[in-house]
Every structure is written in C-alpha cells, then in structure tokens.
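Asks: Quick one: the structure is below, and I'll ask about it shortly.
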Amino acid sequence: MSTRPEPLKILTVCGVGMGSSLMLRMSVEEVLKRMGVAAKVEATDVSSARGMKADVIVGQGLHTEEFTGKAPVVVGISNFMDKEGLEKQLTEAFRSEGWME
Amino acid sequence: MTDDLDGAVLVARAHRPADDWRAAIHEACAPLLDAGAITETYPARCVALVEEQGPYIVLAPGIALAHARPEDGVRKLAVAAVTLHDPVEFAHPDNDPVDVVFAFGSPDADQHVDLLSSLAGHLLTGLADRLRAADDDATAQRLLEEVRNAP
C-alpha cells in the first residue's frame, strides 16, 4: 500500500504516439476527472515509453503486456469508447495499490 | 474551433469494396491521395505500421484509425472516413470485424490534436453508426463535416 502520487503521471501508449494513444488520452482524462483524481496524462509511442517513468500506463493489451511490473499500474484496454469499463479497470487497479478507498 | 480545423481536408466515401485489411487501409487513404493531402508513399507506410506494431489501430469494435508519421508523406492536415461494403478482419483480439476505417495525416506532431479530439468526441456520440447508415458519398461527407465543430 502506498500514497497516491499527486498528480498521477500517466502515459497512454500506441505504436506511433499520435492516433490511438491520443484518443485514449482523452478518454483517460475524462474518466479521471469524473473519479476526482488529479493526473498529468501524456500520449506517447511504445518505444519512447520504455525509457520513461510513470505511475500508470494505459494502452491496448498488445502494447501494455511488456510494461507489466514497469509501472505500479498497467491497464490494457481494447475499446477507447468504453469509458465505464475504463473507470472500472482504473478504480480496481487504484484500490489494489491503496490509492483509493 | 481553430483555424486548423477550418483548413483541414475532410473526405468521406461510402460502401467501398476491400478484400482484406490492407486493401481497407489503402481504400481509406485513397481520398487523401486524391485531395493531395498525402504523398503516394503514405498508404504503404500505414499498412507497414500495422505489420510492425500489430492491429492496435482498431481502437473500438468495428472502427480502425489508420495513419503513419508526418515524415512518411503528409502535405496537409486531413482525415478520411470510409465505410466498407463487407467488413474485414485485422486479427484484433476484441474489435474485429471492421467496417469503418478512418485515415489521417498530420504535417507535424501537433496539428492533428484538435481534429482528433473532435473526431473522438463525435465517435462517442455515434458518428460511426451514422456513417454506416450513409448510402452515398455525399451523405457520408455531410456527416464527416460535423467533425469541424466541437461535439
């Protein structure tokens, strides 16, 4: 259990860092706002992300697998439009880190 | 919205044929090539990126967002939307089959941010379904033009 960093540093990742990761950044920002969690969200490509430090990494499952253990929270999603699913995944992950009640 | 959106090239086409995902990406890039927004090398780069990185461009069920990098041959900020006559498989674990393919190009790392933000917002309010229901290019074009305005 740990204290949640304020603001959370979040990376959304995809192959190029321009398209999918940007769409995902928008969904993540909206969901975190709803959850009342302060965060700085940055969209980037997978190879840049390998050299970056973050509290949370969000991307498609095929990209996030390799990040397991590299950040406290790693969330793989398949549908950027499913904000309820994203909120559920983030909430569960934050709870298991002790970042949320 | 910004001047960038006013000046962006938007082109939509309805019910295009494509035998597989590679053909679907080329079909989505074709209107951008016709409009002079991308160079002839760009569509093949969009295909190559999926071959290299996997089918992550299928970002929601039935919807793909094809693109490559600015240096791969982009002249103008542009988005195309193409619906497919028959859906194609991208070998995505969850989001196949795909019948709405967007292609975009940005001349640099920043110009597309507002445009894609607007596109994301319109997708969340059902743009893909509205495009699927469009029977001709003119109807699809009118629907895509909504992206110039914030959702």
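The values are calculated or read from the model by the stated rules, or taken from the named source; none is laboratory data. Everything numeric in this text was worked out from a predicted model, so none of it was measured. Here Cβ is always computed from backbone atoms with ideal geometry, including for glycine, and neighbour counts include all displayed protein chains.
Asks: If a residue must be within 20 Å of B:LEU123 (Cβ to Cβ) and among the small types (Gly, Ala, Ser), how many such residues does region A:71-88 contain?
Replies: Here the count works out to 2.
Asks: Determine whether B:LEU49 is in a helix (DSSP H, G or I), at the interface with another protein chain (Cβ under 10 Å from one of its Cβ atoms) and within 12 Å of the chain's Cα centre (by Cα).
Replies: It is false that B:LEU49 is in a helix (DSSP H, G or I), at the interface with another protein chain (Cβ under 10 Å from one of its Cβ atoms) and within 12 Å of the chain's Cα centre (by Cα).
Asks: Further, regarding this structure: Filter region A:80-98 down to the residues that are in contact (Cβ under 8 Å) with a residue 12 or more places away in the chain and outside any helix (DSSP H, G or I), then identify the one that is farthest from the other protein chains (Cβ to nearest Cβ).
Replies: Only one residue fits best here, namely A:GLY98.
Asks: Considering each residue of region A:1-20, count those that are part of a helix (DSSP H, G or I) and without any contact (Cβ under 8 Å) to a residue 40 or more places away in the chain, and give that number.
Replies: 0
Asks: Looking at B:ASP137 and the list (1) farther than 16 Å from B:LEU77 by Cα; (2) at pLDDT below 95; (3) out of contact with any Pro (no Cβ under 6 Å at 6 or more places or on another chain); (4) of a type outside the set (Phe, Trp, Tyr), which single condition is not satisfied?
Replies: Only one criterion in (1) farther than 16 Å from B:LEU77 by Cα; (2) at pLDDT below 95; (3) out of contact with any Pro (no Cβ under 6 Å at 6 or more places or on another chain); (4) of a type outside the set (Phe, Trp, Tyr) is unmet by B:ASP137, namely (2).
Asks: Hey, among the residues in region A:1-30 that are of a type in the set (A, V, I, L, M) and within 12 Å of chain B (Cβ to nearest Cβ), which one's surrounded by the most Cβ atoms within 10 Å (Cβ to Cβ)? Walk me through how you get there before you give the answer.
Replies: We begin by selecting, within region A:1-30, every residue of a type in the set (A, V, I, L, M); these are A:1, A:8, A:10-11, A:13, A:16, A:18, A:22-24, A:26, A:28.
Add one more test, that the residue is within 12 Å of chain B (Cβ to nearest Cβ), and what stays is A:13, A:16, A:18, A:22-24, A:26, A:28.
Working: A:VAL13: 30, A:VAL16: 23, A:MET18: 24, A:LEU22: 22, A:MET23: 23, A:LEU24: 23, A:MET26: 20, A:VAL28: 26.
Restricting to residues being of a type in the set (A, V, I, L, M) and within 12 Å of chain B (Cβ to nearest Cβ), the top hit is A:VAL13.
Asks: Next question. Residue by residue through region A:21-60, note down the ones that are in a helix (DSSP H, G or I), in contact with a Ser or Thr (Cβ under 8 Å, 6 or more places away or on another chain) and closer than 18 Å to B:LEU49 by Cβ.
Replies: Those that are in a helix (DSSP H, G or I), in contact with a Ser or Thr (Cβ under 8 Å, 6 or more places away or on another chain) and closer than 18 Å to B:LEU49 by Cβ: A:SER21, A:LEU22, A:LEU24.
Asks: For region A:52-70, state whether one or more residues are surrounded by fewer than 16 Cβ atoms within 10 Å (Cβ to Cβ), more than 10 Å from chain B (Cβ to nearest Cβ) and within 28 Å of B:ALA128 (Cβ to Cβ).
Replies: Within region A:52-70, one or more residues are surrounded by fewer than 16 Cβ atoms within 10 Å (Cβ to Cβ), more than 10 Å from chain B (Cβ to nearest Cβ) and within 28 Å of B:ALA128 (Cβ to Cβ).
Asks: Oh, and also: Just give me the residues in region B:106-136 being free of Cβ contacts under 8 Å to residues at least 60 places away in the same chain, under 18 Å from B:HIS67 (Cα atoms) and either buried (at least 21 other Cβ atoms within 10 Å of the Cβ) or away from every other protein chain (no Cβ under 11 Å) (or both), in sequence order.
Replies: B:SER106, B:PRO107, B:HIS112, B:LEU116, B:LEU119, B:ALA120
Asks: Could you tell me how many of the residues in region B:13-54 are over 16 Å from B:VAL98 (Cβ atoms) and in contact with a strand residue (DSSP E or B) (Cβ under 7 Å, 6 or more places away or on another chain)?
Replies: Within region B:13-54, residues that are over 16 Å from B:VAL98 (Cβ atoms) and in contact with a strand residue (DSSP E or B) (Cβ under 7 Å, 6 or more places away or on another chain) number 6.
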